[in-house]
Amino acid sequence: MKKWLPWLIVVTVMLFASAGVANAEKATVTPRLILDGVELYPSAPPTLIEKTTMVPIRIITESLGYDVDFNNSNKEIKVTDGKKTIVMTLNQQTAYIDGQAKEMYKPATLAKDVNSALVPLRFVGEALGVNVSWDNVSKAVFMYSPVVVEPVPDPDQGNEQVLPEPDSGQTPDDGSSQASVGKVNEVFHDTDSIYIMYNGSVTPKTMVLSNPSRFVVDLPYMDFDERFSPALPVDPLVGKAGELSIEGGSNIQKVRYSLFSKQPSTIRFVLDLNENADYEVVNDTMFGALHIKLKQNDQQEQPQQPQQKPQYTVVLDAGHGGSDSGAVSIAKQLEKNINLAIVLKTQAILAKDSRIKLILTRQGDTFPTLKDRSDLANQSKADIFISVHSNSNDSAAINGTETYYTREDSAALANVMHPLFVKATGLKDNGVRTKNLHVTRETKMPAVLLEVGYLSNKADNSVLWGEAFQERVAQGIAAGIKQYLNL
Ligand SMILES: [Zn+2]
């Protein structure tokens, strides 16, 4: 079985488009393909056949970096992104995602040309985390590459894969509870920085991607201003998308931007980088400017783990408290209480260890502000900062455990902590993620925010409140702290 047999160049993909295409059938429309805001021009043009758009898989595989194998003896097509593998057999409706059977809308099949095969794009794309949507006005297929660590497939979740968001709209962790509405006026480049000018208020969300290196900034609840500069394409078929190419020796090759989502209206900026570098977004709310710049490494060459010393200061932060209840569980329990219970149990475990000096941001039902919490950690010159939260999502199906960090110097702590933490919860492993959160951003030491599980999910919530569960999670957190500190 050889990768990229020559004929695979003409393997095509079939998109089962939404019902809105019904009026546009009879193969008169050539659908446009927009990947991450950039229009693709495949060598074999996509066509609509019986409400189905066919596009060449080469475009998808090349652009998203997937591998495709075809085994001619058993007519199997295998698509993999290195983590997940989809196996489809020609003319068989059942596909296998990591060995698990899933029914496709339409089977992979040979097209008119004997050298081409068709497989359903929506099925393949969504299985690998690509967001695929059909816009009937512009007759375009919009595809967005995966942007977060892929959730482990959940056998109970059917075909729909929804990416969990931490504390979405529920808690003030990242300010996203305020539905900010604003317009982006302009994007421009200056030396090694990108500036995004806006009206209104915005809470940017950032992601770091590699292979190829990208830095992604999402602006939820934002739209392009009519006067946006550089001007967006006049051609309404292309949609609100464009790019800014960058000349000269900058590490930024270009900036792509598009209206990434309509609900909520979200603008995505993608910086294509020559090589991995640490960027940060500084939000100047007074001038309505987002400054995306190379991160200053003032403590140059931070060791991966702290140097051994007789005693370490560890700040434990129980999220929310007092007037801020945090998320509310499906059984009406309050997030602030479980966060505190786990922190107090962690404290009890570590209190016996004289090598660790513990500082708690709260010991009871009080509400220190987010700034109080980061200030306390910074002023006490803590070695590490651990914030404990429990998650919630509008979708009751979302479940599992996540570890978040913001600054690169927290990655090592997150990567040491997460496996011990997630094992202790026994819940679904949603992985280590980056997110722009106050307490992990404004603290000056390695800092992580732990999301134990989802209060909005029936199964998660049923175990979260158990004493034994909380004790086990506290043990996991304590073990993560000790392991990171080499104790
Ligand atoms: Zn929270």
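The values are calculated or read from the model by the stated rules, or taken from the named source; none is laboratory data. Computed from a predicted structure; not experimentally measured. Because the Cβ atoms are built from the backbone with ideal geometry, glycine has one as well, and the counts that use them run over all protein chains shown. All accessible areas refer to the heavy atoms of the entire protein, side chains included, with ligands and DNA or RNA removed. Shrake-Rupley method; radii C 1.70, N 1.55, O 1.52, S 1.80 Å.
More than 13 Å from the ligand (Cβ to nearest atom) and part of a strand (DSSP E or B) - does that describe any residue in the stretch 393-403? Walk me through how you get there before you give the answer.
At the first step, the residues of the stretch 393-403 found to be more than 13 Å from the ligand (Cβ to nearest atom) are 394-401, 403.
If we keep only those that are part of a strand (DSSP E or B) as well, we get 401, 403.
Yes, some residue in the stretch 393-403 is more than 13 Å from the ligand (Cβ to nearest atom) and part of a strand (DSSP E or B).
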Subset of the stretch 191-205 (residues that are open to solvent by 30 Å² or more (accessible area, probe 1.4 Å), closer than 17 Å to L437 by Cβ and β-branched (V, I, T))
T203
All but one of (1) open to solvent by less than 10 Å² (accessible area, probe 1.4 Å); (2) among the small types (G, A, S); (3) over 19 Å from G322 (Cα atoms) hold for S395; state the number of the condition that does not hold.
(1)
Write out, first by first residue and then by second, each pair whose Cβ atoms fall under 9 Å of each other, whose residues are 6+ apart or on separate chains, and whose first residue, in the stretch 271-293, is over 18 Å from M222 (Cα atoms) while the second is of a type in the set (A, V, I, L, M) and open to solvent by 40 Å² or more (accessible area, probe 1.4 Å).
N276/V208; A277/L294; D278/V208; D278/L294; Y279/V208; Y279/L294; E280/L294; K293/V282
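Of the residues that make up the stretch 304-320, is at least one of a type in the set (D, E), outside any helix (DSSP H, G or I) and open to solvent by 10 Å² or more (accessible area, probe 1.4 Å)? Before the answer, list the steps.
Here is the first cut: in the stretch 304-320, the ones of a type in the set (D, E) are 317.
Next, from what is left, pick out any that are outside any helix (DSSP H, G or I): 317.
In the following step, the residues that additionally are open to solvent by 10 Å² or more (accessible area, probe 1.4 Å) were identified as none.
The answer is no, given that none of the residues of the stretch 304-320 is of a type in the set (D, E), outside any helix (DSSP H, G or I) and open to solvent by 10 Å² or more (accessible area, probe 1.4 Å).
Conditions (1) assigned to a helix (DSSP H, G or I); (2) away from the ligand (no atom under 15 Å from the Cβ); (3) surrounded by 24 or more Cβ atoms within 10 Å (Cβ to Cβ); (4) within 23 Å of the chain's Cα centre (by Cα), marked per residue:
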position	(1), (2), (3), (4)
K423	yes, yes, no, yes
R441	yes, yes, no, yes
V448	no, no, yes, yes
E451	no, no, yes, yes
V463	yes, yes, no, no
F469	yes, yes, no, no
R472	yes, yes, no, no
I477	yes, yes, yes, no
Among the residues of the stretch 325-359, which ones are on the phi < 0 side of the Ramachandran plot, open to solvent by less than 20 Å² (accessible area, probe 1.4 Å) and of a type in the set (G, A, S)?
A327, S329
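Condition check: among the acidic types (D, E), over 20 Å from T285 (Cα atoms) and assigned by TED's automatic domain parsing to the domain that holds L290. Does E186 satisfy that?
The answer is no for E186.
One line per residue, one yes/no per condition, for (1) of a type in the set (A, V, I, L, M, F, W, C); (2) in contact (Cβ under 8 Å) with a residue 12 or more places away in the chain; (3) closer than 30 Å to K83 by Cα:
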residue: D409; (1), (2), (3): no, yes, yes
residue: L413; (1), (2), (3): yes, yes, yes
residue: A424; (1), (2), (3): yes, yes, yes
residue: G453; (1), (2), (3): no, yes, yes
residue: A459; (1), (2), (3): yes, yes, yes
residue: E471; (1), (2), (3): no, yes, no
residue: G480; (1), (2), (3): no, yes, yes
Take the residues in the stretch 371-392 that are within 16 Å of the ligand (Cβ to nearest atom) and assigned to a strand (DSSP E or B); name whichever of them is farthest from the chain's Cα centre (by Cα).
F385
Cβ-Cβ below 6 Å, separation at least six or inter-chain, first residue in the stretch 126-139 and at positive phi, second at pLDDT 70 or above and open to solvent by less than 10 Å² (accessible area, probe 1.4 Å): which pairs?
K139/P31
If you take the residues in the stretch 360-370 that are assigned to a loop (DSSP other than H, G, I, E, B) and within 16 Å of the ligand (Cβ to nearest atom), which one is surrounded by the fewest Cβ atoms within 10 Å (Cβ to Cβ)?
T369
Across (1) under 24 Å from D460 (Cα atoms); (2) more than 12 Å from the ligand (Cβ to nearest atom); (3) in contact (Cβ under 8 Å) with a residue 40 or more places away in the chain, K332 clears everything bar (3)
